[in-house]
């Protein structure tokens, strides 16, 4: 199951929240973290923003396999910018995607 499929009602967000390390999150990315208890995913995204400040567009994907997961950041053209293995997670979906555009984390459906 893709977590984004259950959050498609989030389009064109008009609510923004300050998050860690200067990252701003939309109502959709907040709903993802709330519904799937994965604020840690947003924490990972936020923690890399200092290193990725020149990458104005980022695609962050969380993929779970069993109790493990991998978080990958690309530039949107399949060029991997960052990758982090998660040794254990209780994330209930198989996958989730968050885009970062100019320092704001949003769901693709909110673009």
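Within segment 84-111, the residues that satisfy the criterion of being within 21 Å of residue 19 (Cα to Cα), surrounded by fewer than 17 Cβ atoms within 10 Å (Cβ to Cβ) and without any contact (Cβ under 8 Å) to a residue 60 or more places away in the chain are 84, 101, 102, 111.
Determine, yes or no, whether residue 30 is free of Cβ contacts under 8 Å to residues at least 24 places away in the same chain and assigned to a helix (DSSP H, G or I). Answer is yes for this residue.
Restricting attention to segment 15-25, the residues that are in a strand (DSSP E or B) and either at pLDDT below 95 or buried (at least 23 other Cβ atoms within 10 Å of the Cβ) (or both) total 1.
The values are calculated or read from the model by the stated rules, or taken from the named source; none is laboratory data. Owing to the predicted nature of the structure, the values given are computational and were not obtained by experimental measurement. Quick reminder, even Gly has a Cβ in these numbers, built from the backbone with ideal geometry, and neighbours come from all protein chains shown.
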